[in-house]
Amino acid sequence: MNKPVDFIAILKYRSTEDGGRKTPATSGYRPGIRFPFGDMQTSGQQTFINTDKARPGETVEAEIKIVSVDYCENRLEEGMNFEFLEGNTVIGTGAIIKILNEKLRR
């Protein structure tokens with residue numbers, strides 16, 4: 001059974017010059033995600049909307065499925081910003097535009 005989508009977000013990938021990826025990310029990519037309410041990271045699968053790749057420096061819309069739903073329960077809100085990372089390197093930022101998993105809504 002496929003896990004349902006938790007939220008939809010606008011993702012801004014940093015350019016390579018600004019510390020972002022050197023290659024495009026493909027739909028299904030799972031970087032770490034850090035929300036502003038804690039130091040813990042979770043993993044979030046990004047399924048891009050209307051494209052199959054996000055190149056460094058691009059902004060895309062994506063459906064996000066997070067691994068640690070319990071950690072984020074009652075803590076997310078539409079408009080909330082977050083960072084996505086490879087290891088400890090922030091490669092982009094995102095903003096939640098629509099929460100689909102009501103368990104997550106603050």
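Of note:
- Members of region 1-40 that are under 10 Å from the mean Cα position of the chain (by Cα) and in a strand (DSSP E or B): Phe7, Ile8, Ala9, Ile10, Leu11, Lys12, Tyr29, Gly32, Ile33, Arg34
- Meets criteria (touching a residue at least 12 places away in the same chain (Cβ under 8 Å), out of contact with any strand residue (DSSP E or B) (no Cβ under 6 Å at 6 or more places or on another chain) and among the aliphatic types (A, V, I, L, M)) for Val90: no
- Subset of region 55-106 [touching a Ser or Thr at 6+ places or on another chain (Cβ under 7 Å), surrounded by fewer than 17 Cβ atoms within 10 Å (Cβ to Cβ), modelled with pLDDT of 95 or more and not in a strand (DSSP E or B)]: Gly57
- Within region 16-40, the set of residues being loosely packed, with under 14 Cβ neighbours inside 10 Å and closer than 13 Å to Thr93 by Cα comprises Asp18, Gly19, Pro36.
- Checklist (1) of a type outside the set (Lys, Arg); (2) buried (at least 16 other Cβ atoms within 10 Å of the Cβ); (3) outside any loop (DSSP other than H, G, I, E, B) applied to Ser43, failing item: (2)
The values are calculated or read from the model by the stated rules, or taken from the named source; none is laboratory data. Bear in mind that the values here come from a model prediction, so they are computed numbers and not experimental data. We place every Cβ from the backbone using ideal geometry, glycine too, and count neighbours over all the protein chains shown.
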